[in-house]
Amino acid sequence: MAVLFSRPQSLTDTPFRYCPGCHHGLAHRLVAEALDELNLREKAVGIASVGCSVYTNEFFNCDTQQAAHGRAPAVATAVKRARPECFVFTYQGDGDLASIGMAETIHAAARGENISIIFINNACYGMTGGQMAPTTLPEQKTTTSPLGREAAREGNPVDMMKLLDALEGPAYLSRVVLTSPGKQAAAKKSILRAFRAQMKGLGFSLVEILSACPSNWRMTPVEALHYVDEVMAKYYPPGEVRVAKEVLEG
Amino acid sequence: MKDQVELVSGNRAVASGALDAGCRMYFGYPITPQTEIAEYMSAVLPEMNGVFLQAESELAAINMVYGAAGAGRRVMTTSSSPGISLMMEGLSYLATAELPCVIVNVMRGGPGLGNIAPAQGDYFQAVKGGGHGDYRTPVLAPWSVQEIYDLTRTAFDLADRWRNPVFILFDGLLGTMMEPLRTREPIPERAAPSWATTGIFAHGANDRAPRSIYTLHMPEGALTEVNRRLQAKYREIAREEVRYDEHFTGDAEILVVAYGSVARSALQAVRVARQQGRKVGLFRPVSLWPFPEEALHALSEKVRKILVAEMSSGQMLEDVRLAAAPSCKIDFLGAMGGELIYPGTILSRLQEE
Ligand SMILES: Cc1ncc(C[n+]2csc(CCOP(=O)(O)OP(=O)(O)O)c2C)c(N)n1
Ligand code: SF4
Ligand SMILES: [Mg+2]
């Protein structure tokens, strides 16, 4: 009997503890499949961050370190330089990566550190109960922008792709959504390209995943999918932003 | 290279001590009066196949130390007071994850941006915690360029022995002054410890279970258990790693207690006072944590009076008070904001007796 679908080796048996309709679980699975396909599990050191994905270290079946809030790129930088033969990736939320850890993100990217970052943008601080993040959209209501985000009051959102694209260091930058099986397949392709960039020693790679957080968006999982496609993806257009040509070679 | 004597600064001695202890990874951010350490490391580490990285901030630097230590490498960062403050969250994580590393604070005047003159105002921060939660780090306080080198080497061994960050604390006076330094045979970097996240494939151990370095302990009782284990370790460290130095204490009636550069002024004052026939001695804590409380207590029962001399408003003073016998009178001679304590000042206090 042929096995058509099974748990990736790069995931442990620990059940996910995410809300119904949350995209963290889907993203984990795609990352794990990419690790499996590229035979990276045994070389990998995954860096968990602080947010709903803080337990990533329990879910990925490889060596892991759990970083302080926002510092995963600094931790990953050092792990990669300490053990260049390892494959080093971080898994970070938008509060973690684009707010408290902005400096670490930008500088790891600018230096062209040979690490890969999975960036889960759900336009809010999921774990602490849905506060405004730098990525929170115009007019989006959160527990700390209860009237809806307004530039004059809460300031403007941050588009990480635009910021990172201004730097020389990144070899691969891509933004994806997970709102249909086809888009999930495309997302995995991006993750594979990001990982290959590191394997080829090309420098910094990052995949931004626009992710649903139904609980804090006060939506059903289906409503949240529509919100990702119709609101988030309009403001943060998906697509490859930077592809060093060597990423595609070989 | 063996038994070579060089004339170098305290800052250089830190770098040499670390390199000779097999440390090949350094992360730091410039800040006076210790930037020389980073400059030296940036010149020599690449040639030694090591890693020098100028971090974007001390926040990044300490978290790079976390990553490298977790990956099983010998690693050091150095900074001065304001930069060390920025590292405190990271230090708490390092202590909780039990990652060995060495952190050097070449203290300057504070609080705030303060100034760049020598001071000892960071004693509380280093000795009593600094970051959040119930953790401890051994703190070593050298008083000469030679001892900076020696204790830097010791610090790496302590860090490994106890799986704990170790602090080296001295002021900018010691960091920038030059003295002869006799280095010892360098050792190669030790192999990665058995808990390090080296990748499952490392060293041919393809089938080992994944390893994780983490500090979140949410299940009921888990964090209490972690704390109990840490406290048990700290009690052992407190028993086994006490270090101090005594001069003329045998028949002393007055005891000066001082550490770091101030202890040098104190020794000078004590020598002159001895020539004048005064029965005075010097007690110098070398480990500030664990504080040498038993040895100091024993002396405090014999002397009439203790004079604590310290370039702060009285931080170590509190530990001396806790350690000393209740009957012992304790005086204080302080200096703040980068003021030095000269031998003459201590001597006049001793002559007041
Ligand atoms: C230094 C520090 N500040 C604040 C927090 C509290 N905190 C925990 S998670 C979090 C936000 C996480 O949001 P994000 O990175 O977007 O991840 P998500 O939960 O949305 O996946 C915050 C502010 C913390 N743990 N540490
Ligand atoms: S709060 Fe949001 S991000 Fe966190 S698990 Fe729930 S849905 Fe996912
Ligand atoms: Mg988020």
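The values are calculated or read from the model by the stated rules, or taken from the named source; none is laboratory data. What you see is a predicted model; the values in this text were computed from it and never measured. Using ideal geometry, Cβ is built from the backbone for each residue, glycine included, and neighbour counts are taken over all protein chains shown. For the accessible areas, the whole protein counts, side chains as well, though only heavy atoms, and no ligand, DNA or RNA atoms are used. Shrake-Rupley method; radii C 1.70, N 1.55, O 1.52, S 1.80 Å.
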Exercise. Scanning segment A:1-34 for residues that are in contact with a Pro (Cβ under 7 Å, 6 or more places away or on another chain) and part of a helix (DSSP H, G or I), which turns out most open to solvent (accessible area, probe 1.4 Å)?
Worked result: A:ARG29
Exercise. Taking segment A:37-58 on its own, how many of its residues are without any contact (Cβ under 8 Å) to a residue 40 or more places away in the chain, more than 16 Å from ligand 1 (Cβ to nearest atom) and either open to solvent by less than 50 Å² (accessible area, probe 1.4 Å) or within 15 Å of A:TYR91 (Cα to Cα) (or both)?
Worked result: 1
Exercise. Can you name every residue in segment B:31-56 that is in contact with a helix residue (DSSP H, G or I) (Cβ under 6 Å, 6 or more places away or on another chain), open to solvent by 10 Å² or more (accessible area, probe 1.4 Å) and either within 7 Å of another protein chain (Cβ to nearest Cβ) or of a type outside the set (A, V, I, L, M) (or both)?
Worked result: B:PRO33, B:GLU36, B:TYR40, B:VAL51, B:PHE52, B:GLU56
For this session: Of all residues in segment A:86-112, count the ones that are open to solvent by 20 Å² or more (accessible area, probe 1.4 Å) and within 7 Å of chain B (Cβ to nearest Cβ).
Result: 2
Seminar exercise, completed: Those residues of segment B:250-277 that are in contact with an Asp or Glu (Cβ under 7 Å, 6 or more places away or on another chain) and either part of a helix (DSSP H, G or I) or surrounded by fewer than 21 Cβ atoms within 10 Å (Cβ to Cβ) (or both) come to a total of 4
For this session: Assess whether A:ALA72 counts as being under 19 Å from B:ALA61 (Cα atoms), open to solvent by less than 30 Å² (accessible area, probe 1.4 Å), more than 13 Å from ligand 1 (Cβ to nearest atom) and of a type outside the set (Asp, Glu).
Result: no
For this session: Consider B:SER327 carefully, then state whether it is of a type in the set (S, T, N, Q), at negative phi, in a loop (DSSP other than H, G, I, E, B) and open to solvent by 20 Å² or more (accessible area, probe 1.4 Å).
Result: yes
Exercise. Does A:ALA110 satisfy the condition of being within 30 Å of A:SER10 (Cβ to Cβ) and away from ligand 1 (no atom under 13 Å from the Cβ)?
Worked result: yes
Problem set entry | Test result for B:GLY109, more than 30 Å from B:VAL226 (Cβ to Cβ), at pLDDT 95 or above and more than 14 Å from every other protein chain (Cβ to nearest Cβ) | yes
Seminar exercise, completed: Scanning segment A:14-42 residue by residue, those among the hydroxyl-bearing types (Ser, Thr, Tyr) and either within 14 Å of chain B (Cβ to nearest Cβ) or farther than 12 Å from A:SER53 by Cβ (or both) turn out to be A:THR14
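Quick check on A:ALA123: is it within 16 Å of ligand 1 (Cβ to nearest atom) and within 14 Å of chain B (Cβ to nearest Cβ)? Working first, answer last.
Working: within 16 Å of ligand 1 (Cβ to nearest atom): yes; within 14 Å of chain B (Cβ to nearest Cβ): no.
No; evaluated as a whole, the condition is false for this residue.
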Exercise. So which of A:PRO238, A:PRO214 is within 16 Å of ligand 3 (Cβ to nearest atom) and buried (at least 17 other Cβ atoms within 10 Å of the Cβ)?
Worked result: A:PRO214
